[in-house]
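Heads up, the thing below is written out as structure tokens.
The values are calculated or read from the model by the stated rules, or taken from the named source; none is laboratory data. Small disclaimer: the values here were computed from a predicted structure and weren't measured. Cβ atoms come from the backbone with ideal geometry, glycine included; neighbour counts cover every protein chain shown. The area values use the complete protein model at the heavy-atom level, side chains included, leaving out ligands, DNA and RNA. Shrake-Rupley method; radii C 1.70, N 1.55, O 1.52, S 1.80 Å.
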Amino acid sequence: MRRQVVASPTGWLAPFRGRIPVPRPSPGQAPPHTTEPSLTPPRRRIVRSGLSLTGAAFAAVFYCLSFTPSLLPRAWSLQGVVAGITAAMGYALGAALGALFRRGWRQPTARTVRIAWSILFAVVPLLVVVFLWLGTRWQRDLRIRLGMPPAEEHDVVRTVGVSLLTFGLLLLIARLLRLSTHGCAWLFRQFVPAPAAWCAGSVVVALLAYGAVDSLLITQMFSMADRSAAVVNSGTGDGVRVPQSPLRSGGPRSLVSWDSLGRQGRAFVAGVPTGEQLTAFAGRPALEPIRLYAGLSSAYTVEERADLVVREMDRTGAFDRAVVAIITPTGTGWVDSKVPRSLEYMYAGDTALVSMQYSYLPSFFAFLGDRSEVVDAADALIGAVRARWAAMPVGERPRLLLFGESLGTYGMEKTFGSPQSLVDGADGALLLGPTFANPAHRALTEGRAEGSPVWDPDYPGLAIEFADDAAELRTLTGARPKVVYLQNATDPVVWWSWDLLWKQPEWLNGRRAPDVTPDMHWYPGITFWQISCDLVFSNKVPTGHGHVYKSETVDGWATIAPPPGWTTADSLRLRALLDD
């Protein structure tokens, strides 16, 4: 019988390179049955269908740790997303470590893998059930600690569903990226050696993925936020009306038009208590408060807007009032309505409150985007008002107060540069929820007196007071502070920092603040992720917790600059009025 010699293809079929003899059948004879290997190469799977053993193990551990308590309780939907993303992070870490182990040491035997999977299938369900039960209990305790209603019993089922969906989606995205890497490497192998092909394929996919995230996700997210915020800024809140008083920006004879104030500016100037309300609380005739504001559209530059506010102050006689307060708002230009109201009630309307918008983006986007905007606005407005105030005779000056909340505190601190300059800059300053990036706050915290906790530091030598609970300000003795920081112990805006990734924070060491649960512990990477997620929920908790301060400003103002005859009973009465 003659034998035919078939040459093997070249290129990616290298494993089949060689000459394979194949018998040729006689004319009219059927091809003989043969068990010789087929010349068609087997299909090579580009992406493994199975899960990584080490990845699954790490995913299970990370998933359970995601249910450990943080600073704030979470809604079921947020907890589900957090758990799913945390599990995906664990899977990625475990899969990477497993691949390094197999490459650096040796491949485990099939029997070892089967035993490991069996153990995993037996242990993980029990572990997950235990942590779901513990997580439910921890969340319930957190809600009780913060004075919130308990969650629904069936929320845990919805949480598990959302977490599995989130994990599956992230795993699918990762597999698609891996598929793309393999595909690119296969193409490059036609021209370069395998190691170079794999390196090039990985780089190409990484660059494409980064470009997609940066241009399609992040850029579009900021663009959408910008467009949405611009639309919101042009609107007017329910119940907000054009003021009929000349003592308000946007009112009669005002140098600032109503339309240019923006949504938050219009709410600020329109939210003044009535004379009857002020008189009833003070027990004496009250004055009509002055509120002035400049929006982004009120003038072209930040300096022109600040000058416009000062001219409005001269027009309304603001410097003849007992108190002038400069308010640095949050990103959108928002001022918590209870902040100005607390001063107006305390001084029976003998006040002039001024503020200026520097952005219409929420603080989160303004903080990530360009923090120089809040610094420039605070520096321009505070500088312009202080220059006009300092030119007055000492005995005729009103009491000058400063206020900042959240991102506004950052602008104030950068304006003065140092704690001492902040003390000397005005008759009093109240800062609520300072951010982790605040330079003066960081310097004061690091230089605190030995033995004082980071959440309630003591800084002798300066007239500065910290409080994690506004009520403790009522018991202060000695000289009155000129600067007060209110920082809730459960405020993630205050306690978030990059070093949470690798370092246990000081506020979890030693004596803890009363609001921080003793069940909370630090885990590398996990705690950082949890505190980052707490930022989403920081404004959805009662006053005195998270990033919600509101009527706590009463105790702050009463500590810094109380009117004559003001008592603790007055503070309690005013807080009850504002919280009603």
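Brief remarks follow.
- Here the gap between Ala122 and Leu172, fully extended at 0.36 nm per residue and compared with their Cα-Cα distance, gives a gain of 15.5 nm.
- Taking 0.36 nm per residue of sequence separation and removing the Cα-Cα distance, the Asp580/Ser421 pair yields an extension gain of 53.5 nm.
- Carbon + sulfur, % of accessible area of the chain - ligands and nucleic acids excluded, 1.4 Å: 61
- Probe 1.4 Å - accessible area at Thr236, Å² to nearest ten: 60
- Here the extension length gained between Ala322 and Leu51 equals 90.5 nm, from 0.36 nm per residue of separation less the Cα-Cα distance.
- Relative contact order (%) - the chain, alpha-carbon pairs under 8 angstrom, separation at least six: 11
- Cα centroids of region 55-104 and region 260-322: 51 Å apart.
- Only helical runs count toward this figure. For the chain, summing -39,500 (n - 2.57) over DSSP H runs of n ≥ 4 and dividing by all residues gives -15500 deg cm²/dmol at 222 nm.
- Computing Rg/Rh (Cα atoms, Kirkwood Rh) directly from the structure and comparing it against [x] 1.09; [y] 1.15; [z] 0.97 singles out [y].
- Legend: helices of the chain (whole DSSP H runs) are marked when their alpha-carbon atoms reach 30 angstrom or more along the helix axis and their mean Kyte-Doolittle hydropathy is at least 0.5; marked are 76-104, 110-145, 155-188.
- Selection of chymotrypsin sites (Phe, Trp or Tyr not before Pro), region 485-580, meeting DSSP coil and at most 10 other Cβ within 10 Å: Trp502
- Per residue, the chain exposes 50 Å² of solvent-accessible protein surface, assessed with a 1.4 angstrom probe and all protein chains in place.
- Lysine pairs in the chain with Cα atoms under 28 Å, if 8 or more residues apart or on separate chains: 10
- On the beta carbon distance between Arg371 and Ser257, with R0 = 22 Å, the FRET formula returns roughly 0.15.
- Share of pairwise Cα separations in region 425-522, more than 18 Å, in percent: 47
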